[in-house]
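The values are calculated or read from the model by the stated rules, or taken from the named source; none is laboratory data. The model shown is predicted, which means the values in this text are computed figures rather than measured ones. The accessibility values were calculated without ligands, DNA or RNA, using every heavy atom of the protein model including side chains. Shrake-Rupley method; radii C 1.70, N 1.55, O 1.52, S 1.80 Å.
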Amino acid sequence: MSALRGAAVAAALGLAATGILVASPAHAAAYNDACGAGYGVVRKMDIGDSGTAFLTYNASNGYNCAVTVRNSPGDPIEVVVGIKRTADDPADAVQDAGMYTTYAGPVYLHAPATCVDWFGHIGGDNNNRNQDACG
């Protein structure tokens with residue numbers, strides 16, 4: 001073993017012994033095409049380490065669609081996805097919430113040339129984007 005390779009192995013073992021090694025990131029959820037034909041992903045956001053929310057758009061009909069996907073399917077847990085026009089009241093959000101094994105959604109909103117607020121929730125992890133994907 002070369003001296004350089006031996007030093008690298010020793011350093012890695014030393015870090016492992018002290019608990020400083022950083023775990024590789026969890027497998028990120030991929031878009032699952034839940035919105036259907038004609039929808040392309042325009043934004044995505046991590047929902048903690050639990051999954052990813054996707055915002056899609058269909059230019060031919062002016063609809064946005066959102067879906068929250070878990071990184072790893074498993075026992076049912078609370079999964080939520082929602083979307084609304086930024087100018088609309090929060091009570092007007094179109095959402096899907098339930099105890100799901102894989103994903104929540106899809107939810108659709110006609111919002112051509114309009115900013116949207118969208119959000120996702122998985123278990124105890126949340127994320128949202130406001131005044132996003134304008135136009």
(request) Measure off, as a whole percent, the carbon and sulfur share of the 1.4 Å-probe accessible area of segment 66-115, all protein chains present. (result) 53 percent
(request) Could you please state, rounded to a whole Å, how far the C-alpha centre of segment 73-108 is from the C-alpha centre of segment 30-54? (result) 12 Å
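Under a 1.4 Å probe, what is the accessible area of segment 73-135 per residue, stated in Å²? Can you show the working numbers first?
Numbers: 3300 Å² over 63 residues.
The answer is 52 Å² per residue.
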